[in-house]
Amino acid sequence: MDFNILNKTAEPGPPMVDNFTLLYYDPEDKIMDYEDKKTGELTEEEAYRKDLKRRLDDVAKLRDEIINKNQARYSTEQKLKIQLNDSRNQTKHFGVLSTNQSALMQAIDSNYKRLKLLYEKIYHLQLELQKRYISLSETLEQRSEELIQMHKNARLASTALYEHKKNK
């Protein structure tokens, strides 16, 4: 086995690191505001970025809505816990249902119904959030495949140019 393989001089090939993005990097490049432009005026890249920004904003709004519903659920659960405790105390101390007890039972029933609706709403919102994440993931995966293919083509062109320059 030859351990001096690293010391051997090999024929230099095309560069291993693609510095294409470094060659055309513009430090004065400004962040584009896609909101002001109409859809017809956008390039393909700008349209993609605008769509991506819109999707991320929708995901953020949906997450905020889920957080708000969870806070409402938590406060309703706390209120229900207090009402159930009051109901137990009144029944325990008085032994019979009073008129106040029937109003309390109606409040407990309405809070149970509200909790059920909140749980259903949270469930549906979480399903919608998962669908949006899946859609976003598929879009990003498709975009990454396109970029990888572009990079492969650029590397093939770079290799061909290098070979042409070498043979000249």
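Every read-out reported here was derived from the displayed coordinates using simple, explicitly stated rules and does not represent laboratory data. Keep in mind that what you see is a predicted model, and the values were worked out from it rather than measured. Cβ atoms come from the backbone with ideal geometry, glycine included; neighbour counts cover every protein chain shown.
Looking at (1) farther than 30 Å from ASP58 by Cβ; (2) surrounded by 13 or more Cβ atoms within 10 Å (Cβ to Cβ), which one does LYS152 not meet, given that it meets all the others?
LYS152 satisfies every listed condition except (2).
Is there any pair linking a residue in the range 111-132 that is under 18 Å from GLN83 (Cβ atoms) to one that is of a type in the set (Gly, Ala, Ser) and surrounded by 14 or more Cβ atoms within 10 Å (Cβ to Cβ), with Cβ under 9 Å and at least six apart or on different chains, and which?
ARG114/ALA72; LEU118/ALA72
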